Structure formats: structure tokens, C-alpha cells
Amino acid sequence: MLEKNYSGLVLETGTDEAGRGCLAGPVTAAAIILPENFENIILNDSKQLSEKTRALLKPIIEKEALCFAVTHLFPEEIDEINILNASMKGMQECILKLKHVPEFIIVDGNRSLNAKLGLKNSFGKQFSNEEIALLKSIPNQSIIKGDGKYLSIAAASVLAKTYRDEFMDQIHEEFPMYNWKKNKGYPTKEHREAIKKYGTTKYHRMSFRLLPDQLELNFIE
């Protein structure tokens, strides 16, 4: 059974991301505030759950949450600010979208949520000074493997994973030769063979090592 709360505060927010290691598609972040009486014996780190179980949990989490938010950061932004910064920025954006201002934030991983605030990038959301000040004002704690320890981070991990998978299923229809419906953009042998054969798309992360020899790549409109 996962822990309900880290800080003891009512409006504690859990946040996490999905898709950091993929070659294509967005990195997707989620943040959520669960009610004090929330319980679920099935909920766990999304990586430990089957696709079917995640699909069953998603509407339950959304219905019972006090509020939640999900954000996609796309390859242009990932390539410009790097995947670690993009992952953090996605979680920061989710916090700003929440209906309630968190009293405390717990984040999966080993980086403070306030790291690299207000990056001046060409793509995606630009934070205002007020938004940066708000994010700085909320105490937060990074927790290594937090998605397997706290309900709110686990719930955020499930939302991030399911929303990202749904997006990858959609763009699979546009470029079926990469089989994103199955591999979700991860660096499987099948995905890399398709990149070698067909080249890259607008959904591929060009800053990633897509193939051992990048000179072989072509771009598909």
C-alpha cells in the first residue's frame, strides 16, 4: 500500500512524467492533488502496471482527484532545452494549470521542481515573472522512486503514461511504419530499423542518438 502524504498538508501535489527515454513523441507530465480520503489498492508506479490496468485506473483517478493537469512538451522544445529540462518544465507547467494552488509538491526523481525555472526557449510556454515567483514560493521535495512510494506521484505517473500513449496511438495513424501504437516511440529494435529504412519525421527527437550513424537519416514530411 502506497503512502498517502509526505508533508502532512492537505493540498499536497504529486507530479511525474512519461516518455523521457523515447526517440519520438512528446515527454508528457502530470500533476495531481488527491483528496485526504483517497484509497486505491491497485494504484502503483505506472511502469509496474499493465496497459489494461492503467486504462482502468485513469477515469477513477480523474473522477476522484481534487484537480489534475497534463502537459505535452514536443520534440522541438525537447531538442532546444534538452530532455531533462523539458521533463522538469512539463511538470512546472502542470502545477500552474491546477485549479488549486499546492501547499507542497512531491516530485518523482532527484531534482528539485524549482530547478531551471523560466528558460528562455523558442518553443512552448514562456513563464511570466508572476508564474516563476509562484513556483518558487511552493515548497517541494524530490523523492527517488517516488512513483512507487506515494499515491499522488503514482497517480500522476498513470495519467502521464496514459495520455502520452493515447497521443502516440494517434500519430501512429499518420506514420504507421514506425509502429508507435506498439512501441510508443521507445528505442526498440523495430523502431530503429524503421528509422533506418524510412528516415525521420516531425515527431522524432533530432537531438537523440536515433541510429549509430546519423548520416543515414532522411526526413519524411
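Here are the numbers for the structure shown:
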item	result
Accessible surface of the chain [probe 1.4 Å, protein heavy atoms]: carbon and sulfur percent	52
Neighbourhood charge, 13 Å Cβ-Cβ cut-off, centred on Glu103 and excluding it, Lys, Arg +1 and Asp, Glu -1	-2
Gaussian network model of the chain, springs between alpha carbon atoms under 10 Å - residue of Arg54, Arg20, Arg209 with greatest fluctuation	Arg209
Neighbourhood net charge (15 Å Cβ-Cβ; Lys/Arg +1, Asp/Glu -1) for Ile81	+1
GNM result for the chain, Cα springs below 10 Å: residue of Gln141, Gln48, Gln92 fluctuating most strongly	Gln48
Lysines whose Cα lies under 20 Å from that of Lys58, excluding same-chain neighbours fewer than 8 positions away	Lys4, Lys47, Lys97, Lys99, Lys149, Lys161, Lys181, Lys182, Lys184
Cα-centre dipole for the stretch 49-144 with unit charges at Cβ (Lys and Arg positive, Asp and Glu negative), debye to 20	160
Most mobile of Lys89, Lys125, Lys184 in a GNM of the chain (Cα contacts under 10 Å)	Lys125
Principal axes of the chain: Cα extent on each, largest first, Å	54, 40, 25
Space enclosed by the convex hull of the alpha-carbon atoms of the stretch 1-65, per residue, Å³	107
Nearest-ten-degree value, helix 151-172 long axis tilted from longest Cα axis of the chain	30
Proportion of all alpha-carbon pairs of the stretch 1-127 beyond 18 Å (%)	55
Largest-first ellipsoid semi-axes for the stretch 78-198, taking √(5λ) over the Cα gyration tensor eigenvalues, angstrom	30, 18, 13
C-alpha long axis of helix 51-64 to longest principal axis of the chain, angle in °	40
The stretch 24-49 and the stretch 108-179: distance between their alpha carbon centers, rounded to Å	12
Extension reserve of the Ile60-Phe123 stretch, reckoned as 0.36 nm per residue once the Cα distance is removed	19.4 nm
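The values are calculated or read from the model by the stated rules, or taken from the named source; none is laboratory data. Please read all numbers here as calculations on a predicted model, not as lab measurements. Every residue, glycine as well, gets a Cβ built from its backbone with ideal geometry; the counts of neighbours run over all protein chains shown. These accessible areas exclude ligands, DNA and RNA; they are computed on the full protein's heavy atoms, side chains included. Shrake-Rupley method; radii C 1.70, N 1.55, O 1.52, S 1.80 Å.
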